[in-house]
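The values are calculated or read from the model by the stated rules, or taken from the named source; none is laboratory data. These numbers were taken from a predicted model, which means no experiment stands behind them. Please note: Cβ atoms are built from the backbone with ideal geometry, for glycine as well, and neighbour counts cover all protein chains shown. Just the protein is used for accessible areas: all its heavy atoms, side chains included, with ligands, DNA and RNA removed. Shrake-Rupley method; radii C 1.70, N 1.55, O 1.52, S 1.80 Å.
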Amino acid sequence: MSGGRLLQAAGASHAAPSSPTSREPGFGVYVHWPFCAAKCPYCDFNSHVRHQPVDQARYAAAFARELTAMAARSRGETVTSVFFGGGTPSLMRPETVGAILEAIAANWTVAPDAEVTLEANPSSVEAERFLGYRAAGVNRVSLGVQALNEADLKRLGRLHGIAEALRAIGLAREIFPRLSFDLIYARPGQSLAAWEAELNQAIDLAADHLSLYQLTIEEGTPFHALRAAGKLKVPDGELSADLYEATQSITRRRGLPAYEISNHAAPGAESRHNLTYWRYGLYAGVGPGAHGRLKGPGGRHAIATERHPETWLRMVEDWETGIVTDDLLTPAEEADELLLMGLRLSEGIDLTRWRRLAGRDIDRASEADLAQHGMIERLGPDRIRATPAGMMVLDAVVADLC
């Protein structure tokens, strides 16, 4: 199926693909493009800067080869979403994106209303490719805006300015049925009043989805070294909590409530692909450093590919796939993953499904204690979710429930 035909299958009109009305997770395909023009100082993702042009045709052929191998392990699935992440997928030429979508359509049945998302940086050069991505079959774009003031964009190592971000947002709203963009808050020196003003400005610009992430200082990043040296100060725990609470309050009041810890959408505009992860569905991951969850001998397998791009490329060309990890998960491990992922969602998790995996009931004493402290709540007899207070300390909540 050509990129144009996939576009028709995924909704060629300007109408948005529908979001799942049930809580079925669907089946996703994640495509990792590992290359960036520059490495941001806060980023610990598998991203790489190359000072020579990347052979995109060679990589596209390798993606197609690995997709075929992954499809052989997931026969009978229908693709409900595709996500191009990175790295910086908007460094890909539209024909590269189209070739990968063709390979997906050649290996699986693609749902008529499949969501096809591409992450993009809002530089002017990349924004000009939007029409090409749309023609290739992309119907949702996620822009890495990250801040709406020049000083913080420079501090975060972003290569675009405010004018480019606003132009990219406007262009994306014209071309794509669906649009999301990211912002990072709890930035160095950021006050509560400044964030509230910036968030309201972002909501004015937004379509129907925003991803709002608190800045985390990851080990091994330049920001980590700066903080260790006393040269970088981020908001303390109390201010961070105030920033989070303000984020929830403002987005809820403005019609973009949180459906996940860091993701906000108008009802029906949630990211279908990310819901596949959080609802603990199955998905194939291709490309350097991609992860997947697929059925296999004995049950669900956790799959990961080689992180180094050129090594991955040679592995796929020699052996059809760059898989370096293929672990059969025990039912207890699946239950833990289900709990960790599902409690990120405002809809919570189905305890019947959890009990089926875990082979036991949830710890009722721990549940009662967490409920008493306002960390979790029941939604009927067989559904549980974290409260907004519990979301702020979710790792501890999950540890107590397991």
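The residues of the range 286-303 that are open to solvent by less than 20 Å² (accessible area, probe 1.4 Å), assigned to a strand (DSSP E or B) and closer than 17 Å to Ala71 by Cβ, listed by number, are Val286, Gly292, Leu294, His301, Ile303. In the range 68-80, the count of residues that are within 22 Å of Val141 (Cβ to Cβ), out of contact with any Ser or Thr (no Cβ under 9 Å at 6 or more places or on another chain), open to solvent by 10 Å² or more (accessible area, probe 1.4 Å) and among the aliphatic types (A, V, I, L, M) is zero. Which residue out of Glu174, Glu219, Glu196 is open to solvent by 60 Å² or more (accessible area, probe 1.4 Å), outside any strand (DSSP E or B) and closer than 17 Å to Ser262 by Cα? None of the others qualify; the one that does is Glu196.
Being among the β-branched types (Val, Ile, Thr), closer than 21 Å to Glu245 by Cβ and outside any loop (DSSP other than H, G, I, E, B) is the filter here; which residues of the range 382-397 pass it?
Residue satisfying the conditions is Val397 alone.
Cβ-Cβ contacts under 8 Å between residues 6 or more apart (or on different chains), taken from a first residue in the range 385-402 that is of a type in the set (Lys, Arg) to a second residue that is surrounded by fewer than 19 Cβ atoms within 10 Å (Cβ to Cβ), are listed as Arg385/Ser346; Arg385/Glu347; Arg385/Glu377; Arg385/Leu379. Within the range 352-381, the residues that satisfy the criterion of being among the aliphatic types (A, V, I, L, M), in contact (Cβ under 8 Å) with a residue 12 or more places away in the chain and not in a loop (DSSP other than H, G, I, E, B) are Leu357, Ala358, Leu370, Ile376. Would it be correct to say that Asp182 is acidic (Asp, Glu) and surrounded by fewer than 15 Cβ atoms within 10 Å (Cβ to Cβ)? So Asp182 fails the test.
Among the residues here, Met92 qualifies as open to solvent by less than 10 Å² (accessible area, probe 1.4 Å) and free of Cβ contacts under 8 Å to residues at least 60 places away in the same chain.
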